[in-house]
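Asks: Structure below; questions to follow.
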Amino acid sequence: MKFTLGTLLAIPAAALFMTACNNGSSTTETKDSTKTPTVQVTDLTIEANGVPLKSVVAFNDDTATKKPVIVIVPEWWGLDTHVKNVAQRLAELGYFAVGLDMYGNGKLADNPDSAKAYATPFYANPKMAYERIAAAVAKAKTYTQVDTSRIAAIGFCFGGSCVLNVARLGMPLKGVVSFHGGLATSLPVSKDQFTAAALICHGAADKFVSPEEVATFKKQMDSAGVKYVFKEYPNATHAFTNPAATATGKKFNMPIEYNAAADTASWNDMKAFLGAELN
């Protein structure tokens, strides 16, 4: 079985500001109603079949608008700083983001052998991913800030494979996005089941996903009549969205590296995709 890799990345949060204006009185001052909403990322425990998923949630403090939900499934390393910062960035865009601890109990892998051991059960039994992502969706729906009719899931590497598999299994999502995820599956692809629109962000130089795997994936999706967009980024290897991927690749002798152009392009493609599917 092919495996996918990701790596840790801490991305700075966007700066926040507040403005105030005088209402014309010499003694009375009011706050500007157009102040930028503040985002916080906080811990959240989600129960899934008795397993505590030590996750995070991020959303802004604007209470005037219901927020679409985005569940984020991490790379095979587990819920790390990279995913928490992705949650922050999505919250800044106005989404209600859940960074999911897929393995449970906050388990993190610091080497490929441990990561493979943690991830393999989810490849062997995709229903495990379905149950845990469904638990995250159910938890998100308990928040009054959420628009329960607009829900999507995104994933990186291992997480990309997971979100595609839960869509294949019929999870009622508006959209799924896979960043440099594996595309092979033993699951059937049916338009009746795969009702989510899909965006696949793939590195053209990814040595973990063969051209044959890409061709098979496209044939499956086309034959089933599933709505999807396949974006391929020139010279991008596996894990191209992570600035620390180059160092990780050298450390573990893996053909992965960061590609700034592909990272930016894929993020922008995701924003456009989610904006269209969650409108």
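The values are calculated or read from the model by the stated rules, or taken from the named source; none is laboratory data. From a predicted model like this one, the values you see are computed outputs, not experimental measurements. Neighbour counts run over all protein chains shown; Cβ positions are idealised from the backbone, glycine included.
Asks: Is it the case, given these coordinates, that T28 is under 22 Å from S149 (Cβ atoms), more than 15 Å from the chain's Cα centre (by Cα) and modelled with pLDDT under 95?
Replies: no
Asks: I would also like to ask the following. Return the residues of the stretch 63-77 that are part of a loop (DSSP other than H, G, I, E, B) and either among the charged types (D, E, K, R) or surrounded by fewer than 24 Cβ atoms within 10 Å (Cβ to Cβ) (or both); say none if nothing qualifies.
Replies: The answer is T63, A64, T65, K66, E75.
Asks: Moving on to the next point. Just for helices (runs of 4 or more DSSP H) wholly inside the stretch 78-165: which have at least 1 residues that are among the polar types (S, T, N, Q)?
Replies: Qualifying helices (runs of 4 or more DSSP H): 81-92, 112-124.
Asks: Hey, another quick one. Name the pairs whose Cβ atoms lie under 8 Å apart, with the first residue in the stretch 145-166 and without any contact (Cβ under 8 Å) to a residue 60 or more places away in the chain, the second surrounded by 24 or more Cβ atoms within 10 Å (Cβ to Cβ) and of a type in the set (S, T, Y), and 6 or more positions between them or separate chains?
Replies: L164/S178
Asks: Can you name the number of the only condition in (1) touching a helix residue (DSSP H, G or I) at 6+ places or on another chain (Cβ under 9 Å); (2) more than 21 Å from H180 (Cβ to Cβ) that V83 fails?
Replies: (2)
Asks: Also, quick follow-up: Scan the stretch 211-252 for residues that are assigned to a loop (DSSP other than H, G, I, E, B) and at pLDDT 95 or above and report the count.
Replies: Residues flagged as assigned to a loop (DSSP other than H, G, I, E, B) and at pLDDT 95 or above within the stretch 211-252 amount to 7.
Asks: Does the stretch 250-267 hold any residues that are touching a residue at least 24 places away in the same chain (Cβ under 8 Å) and not hydroxyl-bearing (S, T, Y), and which are they?
Replies: Scanning the stretch 250-267 gives F252, M254, P255, I256, N259, A261, A262, A265, W267.
Asks: When you look at A184, is it more than 18 Å from V71 (Cα to Cα), modelled with pLDDT of 95 or more and part of a loop (DSSP other than H, G, I, E, B), yes or no?
Replies: Yes: the conditions hold for A184.
Asks: Can you name every residue in the stretch 227-243 that is over 17 Å from K207 (Cβ atoms) and within 18 Å of the chain's Cα centre (by Cα)?
Replies: Y228, V229, F230, K231, P243
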